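The values are calculated or read from the model by the stated rules, or taken from the named source; none is laboratory data. Note that this is a predicted model, so its numbers are computed, not measured. As a convention, Cβ positions derive from the backbone with ideal geometry for all residues, glycine included, and neighbour counts pool all protein chains shown. With ligands, DNA and RNA removed, areas are computed over all heavy atoms of the protein, side chains included. Shrake-Rupley method; radii C 1.70, N 1.55, O 1.52, S 1.80 Å.
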Amino acid sequence: MADLDLVQGTLDVLVLKALAWGPRHGYGIARWLRDTTDDTILVEDRALYLALHRLEERDLIEAEWGLSENNRKARYYSLTRAGKRELTQRQSSWTLYADAVFKVLRATRADA
Amino acid sequence: MSPHGFRRLLRIRPRPGDVEQELRFHLDSRIEDLIRNGSTREDARARALAEFGDVDRTARELRASRRRLLTRRARADWRSDLRLDAKIAWRGLLRRPGLAASLLLILGLASGACGAIFTVVRAAWFAAMPYPEPGRLLNVYEVKSDGELSEASWPDYMDWRTQVGSDFSGLAGYDPANVFVGEVGDTRMLRAARVTAEFFDVLGIAPSRGRAFRTGEDGPGGTPIALLSHGYWQRQFGGDPAVIGRVLTVNGAPCTIVGVLPKGFHFAPAGDAELWLPLDRDADLRTQRSDHWLLVVGRVADGKSLREARTGLELVMGRLAGAYPESNKGRTVRVTPLRDAVIGEIRPALIALSLAVALVLVIACANAAGLFLSRTLGRARELSVRMAIGATRGRVVRQLVTESLLAGVGGAIIGVIVARLGVRYLVGGLDEGALDHLPFFRDLSPDGVTVAFLALLAIITGLGAGLAPALVGARADALHSLGGTVRPTATQRSGRLRDGLVAGQLALTLALLSGTALMARSLLSLLSQDLGFQPEEVVTGRVALTGPAWESTSAQQRFFETLLARVKTIPGVRSAGAISNLPLSPGGTNTFRVEGEPEPDQASRPEATRRQVAGEYFQAMGIPLLAGRVFSQRDDSTTQPVIMVSASLAKRYFPGGRAVGRRLRFFAFPDTTWEVIGVVGDVTVGRIDADLPPIYYLSHLQVAANRLTLTARTSSGTSMYPALRAQLATMAPGVALYYEAPMTTVVSDSPAIVARRYPLRVIGALAAVAILLAVAGVYGVVSNNVAERRREIGIRSALGANRMQLIGLILRRGALLVGTGLLSGGLLALIFSRALGSMLYGVKPGDPVTLGLVTLGLGATTLVASWWPARRAGRVDPAEILREE
């Protein structure tokens, strides 16, 4: 399947969701996104890190140094309380949005 | 504690390589994954880099993002620390309510006093001149050849206006006067001023309703129209907008209201006039260059300096002196800022009060600092623990200073209330007469600017009281403190600071006290000054005859003769007289020439103050007759014109001192020769603190007056007023009696006395507060000293020192402290008393007797304050001390 450009702001939601089950480092998030979407959505790693730092600046996630699976120092990100709230909110608005787009694209008749 | 909190406590800061390390970890992990999936190392590296994008640029951007984040967090931390500090400080103050109350009281009183004086000074500076560009307004006086100021003559004023050119944008004349408003039988005296047509233009003021005066309306005889002050319009007409066109009866004649002046307008040099009328002097008064009656105000033109305006006017006046030597020789002009005329009189008092209140504020800060210091030392253990587990010294200092800042803020809040009361007290101390000349003090109360000023003071007092104790307290040696017993270094250091604070307070208190004592002595020497008359038992009241019915001089003379005769029948009255102007009030002067003496040079003509008298004036006032006789009822218009002169006039202008029988002529009435019939003692004319000027007296039977002030010597005092008013009512309904006051009040309310008594009262109160604080400070230091040296005292006592020796030990240090304070205070006192300058009278700023007595008094008081706690040293039980070890 072709590369999809991410709609503005979508990456933020994906990052927040990636952290929903607990802290991950940047590489872990990238791998999770790739695995979960079966490489459908290709995120440039550079964009991912910019997004992480942007979310940290907004206090939606916080970072701490920790040890990785292979015993290396890695920066672990986790959701803050505000981040969890943001995720819930964005998730539901995204679902609504996607449903609406779907309905339009699946429409079978020209008149309502 | 949040993770950020821990990080801060552990002082972990992000290292510069953080971003690189994070990115490297990402790339390495990706490469390893790819290799695991079968790529070669080179392919894996290339792919990982391609997937990532521009690494360097990303690292740059991420670093910028982190910097932003850290800065913001630091700020947020600072704010949350502040909240925490404030909470701790608040609890700390609540835990010791006694300390908190003293702090709030001390800082509240001091900053409140500052706020009150600030409000008054600010009003004097800003509200005193409610005109656009007030700095360009000037007062213009003529100066007599002897250097005294005088009003301008009309011809001089007209020449100034036409000849001064472009230096002034306008010159206007004004002439303050009291008028009587209302129908006959129901008149009220009103402060008024007659002004030239351009007066309001020069001030830059337009009426809020109606119109101002027009050119020509200020001509000879004037125009019967009037402008009202806003206050009078509100009071008398309830702010009725239809007031324009209404007719008032002014001095018995109808007068149409043409306008109302804006709210807030006042003109202090005209005594806060409520009614404004066009100038109305007759044509013949406007032709005499030797008749000086016009006060002049001018506005410097745009782009011209005060100096240019002054020089221009001086040139014009110089030309006039050349052109009209008969009247103008030796006369010059003085141009002063209008502000000087408005607040010049009270400026010394305002400066003295500002200084005094600033001294009190510093004393209060020092006192509060002493209290904080003992509190900080009492918490040495807590602070040491905090520093031991990682709090920095700066952090601890900050927390302590927050506490003092909180006290400062609390003090300022109390200060707002104190300032409100203080302003009420300050302004309430002024009587109506004084307020007429300081109208900007009417209804004065602290406003938002005062609150802002107090907020600033809160920070200043908070830092002033808390910073030094916090720095010393936070230096406390952690190990010693935790060890538990004595900490010699910290104790010594804080002891020095505490001694310094108390000595400083003593020094400032001495300065304030010396100033107070010097002012009190000035007042006493003024009050004990020989006035030349006996004010006790004399009551006075002014009677004015206005309106058409009283225009003839014989009617005026008959009225006053009859009135005085009837006053004498009032029970208790021993003698009754009247005079045109009481002693202590200024009056017009005339130049004259003594017959038989050489023709005087024009510039040095004899000149004396004129007074008209009636009845037994000299007897009633207790002014001694030194030679000749007093006026009798036979000295009237049909007999030889006669005058009486004061002793200094006789001595100065009649060589040999024999004045009685000599004759003189006044330049104002060149056709009449006057014979001197008597010489009386000197009395003051203007201010008590000025020299006694020569005076001559005329009989009202020869030169009539329509306004005279009654003076009656009576044993019944002011209770004779009802009888006097009854007499007036039966004689001539509608004649007003005003300015009723016992002569003693006239003296004590005279400007020279009020200008000193009033600030003295305030400074005295401030000095009393200062003494209280200083004594409390000394007491605190000495009792603390006793407590700290209990062990030493106990050991000395065990070794055989007797009680007096122990007390002496403590007292010696107290005395050293007091001595240091007083010594440095002496120097401050010299500086402060010099600032009192013109307010002192009959005593020099550095008067050794006053300063010595004050120093002794304060020294004795503080020694008693240290004796009290020192006695406790004598009661220390050595056995108890040894048990404690």
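Annotations
- Filter pass, B:G231 being farther than 25 Å from B:S305 by Cα and surrounded by fewer than 16 Cβ atoms within 10 Å (Cβ to Cβ): no
- Region B:32-59, residues that are within 11 Å of chain A (Cβ to nearest Cβ) and either over 22 Å from A:I41 (Cβ atoms) or in contact with a Gly (Cβ under 8 Å, 6 or more places away or on another chain) (or both): B:E32, B:D56, B:R57, B:A59
- The one condition from (1) under 19 Å from B:E32 (Cα atoms); (2) away from chain B (no Cβ under 13 Å) that A:E44 does not meet is (2).
- Selection from region B:684-709 of residues that are more than 12 Å from B:R611 (Cα to Cα) and under 34 Å from the mean Cα position of the chain (by Cα): B:T684, B:G686, B:R687, B:I688, B:D689, B:A690, B:D691, B:L692, B:P693
- Cβ separations smaller than 6 Å between residues 6+ apart or across chains give the following pairs from region A:1-30 residues that are open to solvent by 40 Å² or more (accessible area, probe 1.4 Å) to residues that are at pLDDT 90 or above: A:P23/A:Y76; A:P23/A:S78.
- Count of residues meeting criterion [of a type outside the set (G, A, S), open to solvent by less than 50 Å² (accessible area, probe 1.4 Å) and under 31 Å from the mean Cα position of the chain (by Cα)] in region B:180-206: 8
- The number of residues in region B:93-109 being modelled with pLDDT of 85 or more and open to solvent by 50 Å² or more (accessible area, probe 1.4 Å) comes to 4.
- Meets criteria (open to solvent by 20 Å² or more (accessible area, probe 1.4 Å), in contact with a Phe, Trp or Tyr (Cβ under 8 Å, 6 or more places away or on another chain) and under 26 Å from B:V342 (Cβ atoms)) for B:P269: yes
- Residue match in region B:297-311 (condition: under 40 Å from the mean Cα position of the chain (by Cα), part of a helix (DSSP H, G or I) and hydrophobic (A, V, I, L, M, F, W, C)): yes
- Residues that are at pLDDT 85 or above and either part of a strand (DSSP E or B) or open to solvent by 20 Å² or more (accessible area, probe 1.4 Å) (or both), drawn from region B:329-346: B:R331, B:T332, B:V333, B:R334, B:V335, B:T336, B:P337, B:R339, B:D340
- Residue in region B:79-92 that is under 57 Å from the mean Cα position of the chain (by Cα), within 10 Å of chain A (Cβ to nearest Cβ), part of a helix (DSSP H, G or I) and surrounded by 12 or more Cβ atoms within 10 Å (Cβ to Cβ) present: no
- Considering (1) within 26 Å of the chain's Cα centre (by Cα); (2) more than 30 Å from B:A110 (Cβ to Cβ); (3) at pLDDT 85 or above, the lone condition that B:L766 does not fulfil carries the number (2).
- Pick from region A:49-89, criterion of a type in the set (S, T, N, Q) and more than 9 Å from every other protein chain (Cβ to nearest Cβ), ranking: surrounded by the fewest Cβ atoms within 10 Å (Cβ to Cβ): A:N71
- Those residues of region B:762-787 which are under 20 Å from B:A870 (Cβ atoms) and of a type outside the set (A, V, I, L, M), in sequence order: B:G777, B:Y779, B:G780, B:S783, B:N784, B:N785
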